Each structure stands twice: as C-alpha cells, then as structure tokens.
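Colleague: Below is one structure. I have some questions about it.
The values are calculated or read from the model by the stated rules, or taken from the named source; none is laboratory data. Quick caveat: nothing in here was measured; it's all calculated off a predicted structure. Virtual Cβ from ideal backbone geometry, glycine too; neighbours counted across all protein chains shown.
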C-alpha cells in the first residue's frame with residue numbers, strides 16, 4: 001500500500017499541466033494530419049500554446065480550436081492579420097467576423113490588439129492570441145492587462161512561430177497568460193541567474209524537466225516530421241540573402257562611427273544620416289520586374305522611396321485601419337508592384353507567398369523582426385526561390401553582425417529544443433509511449449558497511465525493523481534541479497508542502513527501522529526567503545517544520561544543539577545582504593545574525609533495551625552538553641571535488657565530520673548500525689566505520705554513490721589498520 005501511495009505521489013509531483021479542456025471531435029478533413037493532431041491535443045488541454053513555424057497552418061489550427069472549444073470565442077490578432085484570418089476561416093466553412101467591441105452574438109469574433117482593452121470582462125468561452133510573441137513587444141500596460149484581466153476565460157490558446165527558446169520573457173509571458181505557471185515561479189524552478197546577474201540560463205539538471213514540462217502545455221514544431229508526420233508539401237524553397245553596403249565617407253556632426261555604436265541614439269543618427277544613399281540603392285534594386293516588399297525603419301525612409309517609385313504603396317502607422325487594409329489588399333491583388341511598410345505593421349502573421357522579393361531598407365538589432373519579416377514571403381507554400389536584400393551603410397556593419405550572430409544562435413537553439421522535446425511532445429500530442437526516465441538501483445557492501453543506490457523512500461523498506469541504533473543525516477531542501485533531474489530527488493519540490501509530503505515517506509520508514517528508545521539526528525539550518533522564488537526577503541522556519549514532520553510520524557522531540565558558524569565566512573560564501581559591511585553602512589535595519597546549524601534529536605517511542613555506553617570522557621561531556629557546540633571545524637569534510645558533476649548548480653555540502661563523530665559517540669555502542677537516508681559521498685558512513693560501528697546508507701545519485709563506496713572502503717581500511725596496531729596480540 002505504501003509503495004502504491006509513493007508511486008502516486010511521484011506522478012503528482014511531476015511538473016506538468018493537466019488537461020482542462022473538452023473531448024475533441026474529429027477536426028476538418030481539410031487540415032493536414034499533423035494539424036488535426038495538434039487541434040485534438042489543444043482542445044483537450046483547453047489552455048495551450050502552438051509554437052509552429054511560419055506556413056504550418058496556425059490560422060487553420062486556431063479556427064478549428066475556436067470552433068470546438070465554445071459557443072463564443074474571441075481571436076486577437078495584429079490588425080493586418082484580422083481580415084486574413086476571416087478569409088482563412090471561410091475556407092474551412094467557418095464564419096468569423098471582425099468586431100471593435102464585445103457583442104452578444106455566438107461564434108468566432110476577431111479583433112486587434114489595440115482594441116483589446118474594450119473586451120476586458122466580456123463573457124467568452126475561449127480566447128486566442130494570434131502571433132502571441134507580440135506579447136513582449138506590446139506596451140507594459142497592454143501586456144499587463146493581457147496577463148491579468150483575461151484569467152476568467154477558461155480556455156486559452158496562443159499561436160506564434162517558434163519563439164526564441166532561450167527567451168525567458170517570451171516563454172514566461174505565454175505560461176503566465178495561459179495560467180500554467182507564473183513567470184516568477186518558472187524562472188525560479190528551471191533557471192538560474194548568471195554570476196553577473198544580467199541574464200538567466202537553464203539549470204544544468206533542469207533541461208529534461210523543463211522540456212518535459214513545456215511539452216505538457218505547448219507544441220513546438222518547425223516541420224511536420226518533428227511530430228512524426230510526413231514532410232511532403234512542406235519543403236522550403238531556396239533563400240538567398242543579398243548584402244548591399246553603401247559606402248558612406250563621413251558621419252553626422254563630424255563624428256566617425258568606427259567600431260562600436262554606443263547605443264540607440266548612435267544607431268538612429270547613423271540611420272538618418274545614411275538614408276539618402278540607402279534609399280537610392282533600394283530604388284535601384286527594386287527596379288527589377290516583379291512584386292516587392294520593402295521593410296523600412298523610419299517614416300522618412302519610406303516617404304523618400306515612395307517619391308522615387310511610382311507604382312508603390314506606402315503604409316504608415318498613422319494611417320487608419322481601413323487605409324492599411326486597403327493598401328495591402330491592392331498590393332496582394334497586383335494593383336501595385338511595391339509595398340513599403342515597417343515590420344511592426346505587416347511583419348507578423350501575414351501570408352505573402354505571392355511575393356518572392358523583399359528588401360530591408362536598413363536593419364535594426366531585433367532578430368525577431370528580421371526573422372518574421374523574411375518569413376512573410378519565405379514560408380511553406382512559397383513556390384519560388386526567395387531573394388532578400390539587406391541595404392545598409394558601412395557604418396552599420398556592427399548591427400548586421402549582431403543580427404547574424406543572433407540568427408546563428410537561434411537556429412542552433414531551435415534545433416536543440418526540437419531534439420529535446422520530440423519524445424515528450426509526441427507522447428503528449430499523439431499519445432505515444434515515451435521511454436521512462438532512467439532510474440537505477442545497486443548495492444555495494446564491505447565488511448562493516450552497505451551502500452544502496454536508489455530512492456531512500458523505497459530502499460529503506462529493505463532494512464529490517466528495529467535494527468538501526470542511530471540515524472544521522474542532513475536532508476536537502478527545496479532547491480530545484482541543483483543536483484539531479486529526477487522527481488525522486490527530495491530537493492526537487494516546487495514548494496515546502498510538497499517537500500514535507502515526500503519527506504514523510506522517509507521519516508515513516510526511519511521510525512520503523514529504529515530500535516525503540518533510540519535516536520535520529522537531523523542536521524538542519526534555517527532557509528532564507530528570496531525575492532525571485534518567494535517574492536519577499538526574510539527567513540523560513542525550516543527547523544520548526546522539520547520538528548513538526550517528525551512529530552507527525554510519532555517521533556518524540558528529544559532535544560537540539562546549535563552549531564556555531566563563522567559570520568564572515570558565511571557572508572563571503574552567500575553574499576547575503578544581511579551580513580555585509582556595505583549594508584551596515586547603508587541601512588542596518590536589514591542586518592541579521594549569521595545562520596546557525598542545528599542538530600535536532602528525535603527519539604523513537606518505547607524503552608531502550610540495550611543501554612548505550614557513551615564513548616566519551618566526562619570532560620568531553622561537559623563541552624558537548626552545552627546547548628551550543630563551538631569549535632566545529634567547518635572545513636573538516638570529505639573531499640567533494642571528485643563527486644561534483646558539471647551540471648551541478650552548487651557544490652555538494654557534506655556534513656562536518658566533527659558533528660557526525662559527536663552524534664555517533666554520544667548515542668551508539670560500538671558494533672551497532674548507523675544509518676543515513678541521504679548518504680551523499682558517505683560522510684556519516686566514513687565516521688561510523690572509523691569509530692567501529694556498522695553503516696547502512698542510501699543515495700539517489702549514482703555519481704555520489706560511487707564516491708561514497710570508495711570513501712567507505714578507505715574508512716574500513718584505516719579502521720582495520722588502526723585495530724592492527726592498537727589491539728593486543730593474543
């Protein structure tokens with residue numbers, strides 16, 4: 001029964017978002033098989049994201065989802081995309097209408113992001129964010145409204161081309177809008193800030209957990225074969241990027257921009273100063289027959305080019321919605337040969353496969369705008385090779401290099417993400433069986449020790465009842481993906497409640513295996529609360545929570561000892577503002593004492609039938625009976641270097657050998673069994689064997705288990721050698 005309950009707990013503990021939608025019906029046969037599979041999955045989930053590359057039919061997917069998910073659904077899209085969506089919906093036989101305010105009509109309504117404030121509180125069954133990567137480009141007020149004001153809509157879908165997988169803000173915005181996980185919780189769970197504090201990176205052990213979690217609420221696909229389908233009909237034509245650099249001899253205000261451009265102001269000045277030359281070069285390029293789209297960055301650039309090209313449509317942000325839509329419609333219909341617009345107007349979501357020639361009249365640092373603008377023409381469904389001209393000046397070479405660097409990085413990262421999520425994704429979308437995570441067990445023994453590899457909640461069941469004289473250990477605490485990636489790791493808990501629920505399985509087994517009247521020594525310290533994880537700075541009483549956990553399993557709280565710590569060493573190691581001299585000078589209200597360690601002593605109920613003859617002198621007892629243990633050498637630990645994995649986020653922190661020695665000599669007889677359910681590299685076992693006791697240890701991580709076995713072999717060899725020279729010869 002206990003084994004079943006523990007297996008159920010581990011399943012619940014896994015980071016995943018459970019489906020909350022509807023049972024899907026078979027989608028429209030016009031959709032490709034991979035699109036139908038995505039629709040079925042998204043309808044069942046209710047809250048989902050479709051991260052699919054340009055041309056993979058996100059519009060069909062979202063329209064079919066909206067048709068199935070409820071009687072009233074709102075689609076929010078960039079203005080230029082709204083009427084295109086209506087046209088695409090009609091191909092599926094679905095009626096969708098453009099609205100500027102909520103109404104009572106059932107069906108699919110479509111509006112644009114600029115009008116979204118008027119829809120807050122409207123009773124829709126579902127909402128779709130088309131081109132949802134725009135979330136990070138919206139002003140803070142609109143983005144904040146999206147993330148908070150639409151939580152009452154039960155079903156939510158986000159659709160965008162594959163987002164930057166290393167863009168924490170973009171992924172966080174999606175997860176938060178969908179109600180999967182807050183940005184703060186996501187970053188604290190799977191990411192860690194670099195040492196310079198400027199950017200986040202995925203924790204070394206978090207990769208599999210992160211991608212598995214991502215696959216429970218999103219589909220990340222660049223081509224159908226990423227989901228196991230055929231790529232027929234989804235081959236992109238050749239893409240040719242053509243650089244054209246205008247040689248500018250000088251620069252504005254007599255300044256030569258050789259080397260780095262120092263920020264946005266320099267970039268704008270250079271762009272304005274070189275506009276005439278770049279416009280002239282662009283006009284020369286687009287004189288080639290055929291339709292063209294020109295992406296400009298400044299209004300003045302577009303106007304200068306329009307003055308030089310008779311058959312061009314110029315679309316500006318100040319134009320009315322109707323004027324923008326009419327201009328693009330004339331160009332798509334072939335009534336005008338050239339369209340000039342900023343990427344912010346037509347760079348997202350539009351299907352311009354009829355055109356295979358485009359020009360960037362200058363370029364900014366945004367890789368996303370560059371990528372999205374190119375993909376308006378170079379997308380699945382394009383039948384001709386696509387030419388893209390990049391017209392810049394020699395003063396802007398740094399910007400071009402920056403975008404190319406981001407492009408190469410994005411390509412490599414996207415390929416890595418697809419490789420990571422493929423198994424998880426096919427399991428979620430297609431219901432395929434995914435190979436379970438690796439979990440191995442093993443056992444090694446010596447003359448006086450046994451080391452079990454595996455989950456102590458399970459391996460402790462192999463230890464006989466009432467056989468252990470003393471347990472000594474330091475449990476991990478909530479520190480996600482610090483040392484391993486498995487849900488079996490007690491440290492990999494999203495909150496304290498989950499931690500103590502799992503810890504209870506171990507505390508219960510410790511109670512069973514411990515001799516009546518004997519003790520369990522638990523090494524703990526208080527846990528700081530952090531802004532990034534908890535939203536506040538302060539202390540969490542881990543010590544008191546541990547006492548409660550043991551008392552809940554019928555242990556008797558027997559006593560405790562405080563272990564003195566060096567505040568200066570702690571300040572250097574943790575950089576805690578409460579200990580720093582600079583904080584004392586700035587505002588001493590934030591200062592706090594250093595964190596002590598504690599040994600909490602719990603006694604198993606019942607009478608001890610084997611009296612313990614303490615292995616210490618009276619003078620030692622005078623010192624050890626004090627409520628605070630002074631003189632513990634913080635550096636007296638086993639060597640951890642050989643156990644550290646390159647993915648470990650922190651050094652393993654073994655318990656000081658002096659603390660372990662005192663516990664063993666105080667509360668056990670020679671020859672009795674000492675146990676540690678979190679043996680790590682074997683510190684408790686090392687001291688137990690060295691002091692003439694037996695040892696049983698459990699360790700989940702194979703790297704640490706192997707090092708522990710070697711340390712126990714060393715301890716046993718030293719103990720045997722010591723006895724050889726100290727015991728009398730018969």
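Colleague: For segment 510-628, give me every one of the strands (runs of 3 or more DSSP E) that falls completely inside it and has 3 or more residues that are within 30 Å of residue 2 (Cβ to Cβ).
Modeller: Result: 514-525, 556-563, 597-603.
Colleague: Here's something else I'd like to know. Failed condition for residue 495, given (1) modelled with pLDDT under 95; (2) closer than 19 Å to residue 5 by Cβ, with all others met?
Modeller: (2)
Colleague: Do we have residue 52 as within 21 Å of residue 180 (Cβ to Cβ), at pLDDT below 95 and either buried (at least 24 other Cβ atoms within 10 Å of the Cβ) or not assigned by TED's automatic domain parsing to the domain that holds residue 172 (or both) here?
Modeller: yes
Colleague: Oh, and also: Starting from residues that are at pLDDT 70 or above and in contact with a strand residue (DSSP E or B) (Cβ under 6 Å, 6 or more places away or on another chain), keep the ones in segment 161-178 and report whichever is surrounded by the fewest Cβ atoms within 10 Å (Cβ to Cβ).
Modeller: Looking at residues that are at pLDDT 70 or above and in contact with a strand residue (DSSP E or B) (Cβ under 6 Å, 6 or more places away or on another chain), I get 178.
Colleague: Considering each residue of segment 579-591, count those that are under 19 Å from residue 565 (Cβ atoms) and modelled with pLDDT of 80 or more, and give that number.
Modeller: Total satisfying the criteria: 2.
Colleague: State whether the residues of segment 413-434 include one that is at pLDDT 85 or above and surrounded by fewer than 22 Cβ atoms within 10 Å (Cβ to Cβ).
Modeller: no
Colleague: Let me ask something else. Consider segment 347-369. How many of its residues are modelled with pLDDT of 90 or more and not in a loop (DSSP other than H, G, I, E, B)?
Modeller: Within segment 347-369, residues that are modelled with pLDDT of 90 or more and not in a loop (DSSP other than H, G, I, E, B) number 5.
Colleague: Select from segment 460-497 the residues that are in contact with a helix residue (DSSP H, G or I) (Cβ under 9 Å, 6 or more places away or on another chain) and part of a helix (DSSP H, G or I) and write down the one among them that is surrounded by the most Cβ atoms within 10 Å (Cβ to Cβ).
Modeller: 460
Colleague: Continuing with the same structure: Looking at 645, 669, 639, which is the one that is part of a loop (DSSP other than H, G, I, E, B), modelled with pLDDT of 90 or more and either over 37 Å from the mean Cα position of the chain (by Cα) or assigned by TED's automatic domain parsing to the domain that holds residue 569 (or both)?
Modeller: Just a single option satisfies the conditions, and that option is 669.
A quick yes/no check of all residues on (1) more than 40 Å from the chain's Cα centre (by Cα); (2) free of Cβ contacts under 8 Å to residues at least 60 places away in the same chain; (3) surrounded by 24 or more Cβ atoms within 10 Å (Cβ to Cβ):
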residue	(1), (2), (3)
689	yes, no, yes
693	yes, no, yes
704	no, no, yes
714	yes, yes, no
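Colleague: Would you mind stating whether residue 330 is closer than 21 Å to residue 238 by Cβ, surrounded by fewer than 17 Cβ atoms within 10 Å (Cβ to Cβ) and free of Cβ contacts under 8 Å to residues at least 40 places away in the same chain?
Modeller: Taking the combined requirement at face value, the residue does not satisfy it.
Here is a yes/no grid of residues against (1) outside the structural domain of residue 314 (by TED's automatic domain parsing); (2) surrounded by fewer than 20 Cβ atoms within 10 Å (Cβ to Cβ):
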{"residue": "360", "(1), (2)": "no, no"}
{"residue": "372", "(1), (2)": "no, no"}
{"residue": "445", "(1), (2)": "yes, yes"}
{"residue": "451", "(1), (2)": "yes, no"}
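Colleague: Also, quick follow-up: Does residue 544 qualify as being without any contact (Cβ under 8 Å) to a residue 60 or more places away in the chain, under 22 Å from residue 655 (Cβ atoms) and touching a helix residue (DSSP H, G or I) at 6+ places or on another chain (Cβ under 9 Å)?
Modeller: So residue 544 does not fit the description; no.
Colleague: If residue 205 meets every condition in (1) under 21 Å from residue 157 (Cβ atoms); (2) crowded, with 17+ Cβ neighbours inside 10 Å; (3) under 18 Å from the mean Cα position of the chain (by Cα) apart from one, which number is that one?
Modeller: Here residue 205 clears every test but (1).
Colleague: Only residues that are free of Cβ contacts under 8 Å to residues at least 24 places away in the same chain, more than 21 Å from residue 125 (Cα to Cα) and within 32 Å of the chain's Cα centre (by Cα): list them for segment 22-35, please.
Modeller: Within segment 22-35, no residue meets the criteria.
Colleague: Hey, among 63, 128, 120, 73, which residue is over 30 Å from residue 33 (Cα atoms), touching a helix residue (DSSP H, G or I) at 6+ places or on another chain (Cβ under 9 Å) and at pLDDT 90 or above?
Modeller: None of the other options fit; the residue is 120.
Colleague: Having 1 or more residues that are at pLDDT below 90, touching a helix residue (DSSP H, G or I) at 6+ places or on another chain (Cβ under 8 Å) and within 30 Å of residue 20 (Cβ to Cβ) is the bar; report the helices (runs of 4 or more DSSP H) wholly within segment 192-300 that clear it.
Modeller: Filter on segment 192-300 gives 207-215.
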